[in-house]
Amino acid sequence: MKSTKLEDDKDLDQDDLDRKDSIKSVIDVLQSLSKAIKTLKLYPDTSRLRQKFITELVAKFKGFLDEYGDLILKIKKSEFFYMGEVVYSNPSLEESIAFKLYGDGIRELTFTEGLSEEELFDFIDVVTRDYKKEGEDDDTVTKLWEKDFKSIRYAVVEEGKDDNLLLQIPEKVTTTDSSKNALLKAYKQEMTAEPKGESLLQPAGVEVEIEQIYGKPFSEIFTLTPEEITKVHDEMEIEKKMDLVSELVDILFHILRIEHELDSYSEFLKHLEKIIKTLLLAGDYKRVLPILTTLKTFSRDGNDFTNAHAEETEKIIDALGEEDFLHQLVPQSKFTGTEDLDSISMFISMLNKNAIIPIANMVGILDNMKARRLFCDVLALLAKDNIELLYNKLEDDKWYVVRNIVYVLGKIGDIKSIPYLKKIKDHIEARVRKEIVHALVEIKSEDAKDILIDFLNDDNNTVRIAALRYLMNMSHQKALPIISDIISRETFDTKDIYEKKEFFEALGKLGNNDVLPFLRETLMKRSKLFGKSKIEERRLYAAFALKKMSTKESMEILKEGSLSSDKGVRKICEDAMQIIQEKR
């Protein structure tokens, strides 16, 4: 019982870390959005700076959406809220994005996967224009609807309603400050100093003999000249710049190359192992990489050593991939700069297969999103030829460990993973199920596509929509009967407006003439006194699906609708046909 409680506590800690990390990420995204808006106002369309800010903004949105899924913002008068926390606030009503949206009745804003640069440009254009000054009657909501965004959603309040080890790396050798000027000054002071009276002590013994030999006072014989002082200074500067650790490593490698006695060879390898671990714990991955590269050459076939020598060398690399040691690296590594992450990535990729499971466990305790994703990417490279080692981790009790392994299997893209992913497709955690959807898409096989169809009935709408979009983009015709069945259910009307639109779009994109009767019936259905809004909503979706089909037969239905006596049907069909003509 105690063990279970500890694991539950860790799950809670991980959720809390994910929550804090996601909030920080949202703040960063919205700051970039604010900067991009200001830049677009100040600079002309041809400015490189405009493109730079938009490109960076798209990258930040993509990073967040890939890691955390939909970005859902609640809107107050001058603030955006995410997970109950204020992530954007601007009291200036003229500049506040939140106030602009709030004033037009928008209370929730959602960004979803697939957000494009074009959509961001259009969104910024909509929320920054002053329609009253431009003499237009439309408002923000109308303009947002006209843009027909695929990855931006919004919720509008209805009119009249209220909304309320630890080894330390040895430092380079240093000396006290001994500049050339200081040495020369001391020399001059000594030469110009006045004698302080006759010395009571007279030169004797060796000193007298030396004076007799050189014919000079003893004090003058061993005084440095300015040239000698300069030379000493230069030598000291050279020594200060020497990398003693690299010098030591070079010496050890030289010994290893000529040492054929196995016991001695192993002993020197142990010294090298200590140096490598010390450098790693100090975060000096750059100096470790060339050492590991050289070690790898010592363990390859075709060298001048015996198999026993190669095996001893492999043991050193194995030791670097042991779980106890790798777990010491996590608190020591800050995972901040891109350069540091690249060096860490290269180090991990050079380890042996014994490091696969320790690294898989290590990913679960990383609280840095970039580091976690990097470790997963490297793990995919490391485990590519040993993928079977990862399958047991899919049964881990911690959902975030399972999610990471699913991501890795997707990166590897081996069809042998499909049965294992199918086994956990009903995982209790939605974030795991959504990652399974992504992984199946990466594997690219017909069996993987067929499993995706099952996710159209998932309990979570983000999982359903993700699966639907992938099936639609892959033109997987086998999904069409399930899509039609879902649309025909009475419960379909209870779905989110954007999900319903997605299903009709898929019907239009995947459908053939077999679906035309259903779409025509939906489009032409007459409104009733009760349920009028639902019928009109379905008309819009049907017209949208026919527009997506854009075939001769679908166009004929739209033309028929444009001649309807029903004003609502006529307007919907005319608008759809106009959009098709403009795109052509």
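Bear in mind that the values in this text are calculations on the coordinates, not laboratory data. Computed from a predicted model, the values in this text were never measured in an experiment. Cβ coordinates were reconstructed from backbone atoms using ideal geometry, including for glycine residues, and neighbour counts include every protein chain displayed.
Quick notes on this structure:
- Sorted by Cβ density within 10 Å, fewest first, the residues Trp145, Trp399: Trp145, Trp399
- Modelled FRET efficiency - R0 35 Å, Ala308 with Asp377, Cβ distances, 0.05 increments: 0.50
- As a size descriptor, the averaged projected area of the C-alpha convex hull of region 355-494 was calculated at 8.7 nm².
- Taking a ≥ b ≥ c as the square roots of the eigenvalues of the alpha-carbon gyration tensor, region 494-584 is classed oblate because a/c is 1.5 or more while a/b is no larger than b/c.
- Computed over region 18-156: relative contact order in percent, which uses C-alpha pairs under 8 Å that are six or more apart: 23 percent
- Contour minus Cα-Cα distance for Lys20 and Val157 (0.36 nm per residue): 46.4 nm
- A protection proxy built from the mean count of other Cβ atoms within 10 Å ranks the segments 246-253, 479-486, most packed first, as 479-486, 246-253.
- Were the residues from Leu248 through Asp426 laid out at 0.36 nm apart, the gain over their Cα-Cα distance would be 58.5 nm.
- Förster radius 51 Å - calculated FRET efficiency between Glu553 and Arg129 (Cβ-Cβ, nearest 0.05): 0.85
- Our summary gives region 494-584 a relative contact order of 28 percent, counting only alpha carbon pairs under 8 angstrom and 6 or more residues apart.
- Above-threshold pairs, the threshold being 18 Å between Cα atoms, out of Lys525/Lys571; Lys150/Lys534; Lys147/Lys534; Lys393/Lys416; Lys150/Lys548: Lys150/Lys534; Lys147/Lys534
- Efficiency of FRET between Ser488 and Glu536 - r from beta-carbon atoms, R0 22 angstrom, step 0.05: 0.75
- Zone of Lys38's modelled label, taken as backbone nitrogen in region 84-112 under 17 Å from a point 7 Å along Cα→Cβ: 88-99
- Between Ile415 and Leu563, the modelled labels are 5.1 nm apart [label points 7 Å from Cα along Cα→Cβ].
- Extension gain, His271 to Asp342: 0.36 nm times the residue separation minus the Cα-Cα distance gives 22.9 nm.
- For the pair Asp397 and Gln477, label points projected 7 Å from Cα toward Cβ lie 4.9 nm apart.
- Region 440-557 shape via C-alpha gyration tensor axes, a/c threshold 1.5: oblate
- The order of Leu289, Leu351, Leu519, going from fewest to most other C-beta atoms within 10 Å of their C-beta, is Leu289, Leu351, Leu519.
- Two-decimal Rg/Rh across region 18-156, once Rg and the Kirkwood Rh are taken from alpha-carbon atoms: 0.94
- Cα→Cβ-extended label distance, 7 Å offset, between Lys370 and Arg570, nm: 5.9 nm
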